[in-house]
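Taking it in order: structure first as C-alpha cells, then the write-up.
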Amino acid sequence: MSNSNEKGGRFRALHVPGRPLVLFNIWDPGSASAVAAAGARAIATGSWSVASANGFADGEHVPLDLAIDNLARIVRATDLPVSVDLESGYGKDPDAVRRTVERTIEAGAIGCNLEDSFPENGKLREIAEQARRIRQARKAADASNIPYFINARTDVFLQKRREHDDVAFADALQRARAYADAGADGFFAPGVVDEALIARLAEASPLPLNIMIGGSTPSLGKLAEVGVARVSHGPGPYVTMMKMLKGVARDAARVA
C-alpha cells in the first residue's frame, strides 16, 4: 500500500482551486498509456466510455468484475494515480457501496467518483441516503489507510426540464455540504455551463469543485479564474477517438 499512499497523496494535492487538475478521461490500458505519455498528471476513467468500449450501455451495465479487472489493468499500465468512475457505486445499499470501494482499492485505485442518481433512471437519491452511501465508501477508504479521494458527484444539473436557477444552486450546495460531512473529498457538478453559476458553486462549496467540459462550458482559463479545482472531459475523448477511427477506416476502404 506504500505506493498507493504516495499516489493518493499526490492526487489529493493536485486539487487546487484556481489551478484545476485536468483529467482527460480514459477507458482502457491503451488509452491510459497514451494520455500518460501526453504529460497527464493523473488518470481517470469515464464510465460511459468504459461501457461503450466493452459493448455495454452506461448505467452500471458493465459487470462489476469486468469493471474491476479493467481498472486493475489500467493501474498496471501507468505509474500515475488512477481514479475510477464508479457511477452510483454498484450497490443497492450503503454496505454494497463499501464493498465496491474496497475492491477498487485492492485493484490499485486511489480515488473514485460516486454519483447521487439511480443508474436505472437518472433520478436523484435523497440527500440523506446518498450521504449514507458516501459514509460507507469513506469507511472502506479509511480502513485501507491510504488517502483515497472520494469525488461526490451530484446530478442536480442533469435532471430533465430543471432550470439551472437559484433553486437548483441551493439544492446542489446542500448536497455538497452533506457529502462533505459524510466524508467526501471533492464535489463534481456535471451539466453546469454558466460561468456565473460555476463561480458561485466554487466559492460556496466546502469541497474542491469539479466541472465537466462540454460544448458550452467556459474555457479552462475561465474555469481557473472562478476557482474550479478539477476539470473532467467525460465521454468526449472516447467520442472523438471513435469519430477519428471511423474516418480513417472509411478512407482506408476508399478506392483511389
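The figures follow:
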{"item": "Any hit, the stretch 13-27, residues being modelled with pLDDT of 95 or more, out of contact with any strand residue (DSSP E or B) (no Cβ under 7 Å at 6 or more places or on another chain) and in a helix (DSSP H, G or I)", "result": "yes"}
{"item": "Subset tally (residues that are assigned to a helix (DSSP H, G or I) and surrounded by fewer than 24 Cβ atoms within 10 Å (Cβ to Cβ)) for the stretch 33-54", "result": "9"}
{"item": "Close pairs from the stretch 1-21: first on the phi < 0 side of the Ramachandran plot and crowded, with 20+ Cβ neighbours inside 10 Å, partner part of a loop (DSSP other than H, G, I, E, B) and among the aromatic types (F, W, Y), Cβ under 8 Å, at least 6 apart", "result": "G8/Y148"}
{"item": "Residue list for the stretch 121-133, restricted to those being touching a helix residue (DSSP H, G or I) at 6+ places or on another chain (Cβ under 6 Å) and either assigned to a loop (DSSP other than H, G, I, E, B) or not β-branched (V, I, T) (or both)", "result": "A131, R132, R133"}
{"item": "Residue ID - surrounded by the fewest Cβ atoms within 10 Å (Cβ to Cβ), chosen from residues in the stretch 207-244 that are small (G, A, S), under 15 Å from the mean Cα position of the chain (by Cα) and modelled with pLDDT of 95 or more", "result": "G236"}
{"item": "Residue ID - surrounded by the fewest Cβ atoms within 10 Å (Cβ to Cβ), chosen from residues in the stretch 64-105 that are hydroxyl-bearing (S, T, Y) and within 17 Å of the chain's Cα centre (by Cα)", "result": "Y90"}
{"item": "Single condition A224 does not satisfy, out of (1) in a helix (DSSP H, G or I); (2) free of Cβ contacts under 8 Å to residues at least 12 places away in the same chain", "result": "(2)"}
{"item": "Enumeration of residues in the stretch 125-139 that are surrounded by fewer than 21 Cβ atoms within 10 Å (Cβ to Cβ) and among the small types (G, A, S)", "result": "A128"}
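Per-residue answers, yes or no, for (1) within 17 Å of the chain's Cα centre (by Cα); (2) not in a loop (DSSP other than H, G, I, E, B):
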position: G108; (1), (2): yes, no
position: C112; (1), (2): yes, yes
position: P119; (1), (2): yes, no
position: R135; (1), (2): no, yes
position: A141; (1), (2): yes, yes
position: I146; (1), (2): no, no
position: N151; (1), (2): yes, yes
position: V167; (1), (2): no, yes
position: D171; (1), (2): no, yes
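The values are calculated or read from the model by the stated rules, or taken from the named source; none is laboratory data. Quantities reported herein were computed from a predicted structural model and do not represent experimental measurements. All Cβ positions, even for glycine, are placed from backbone atoms using ideal geometry, and neighbour counts span all protein chains on display.
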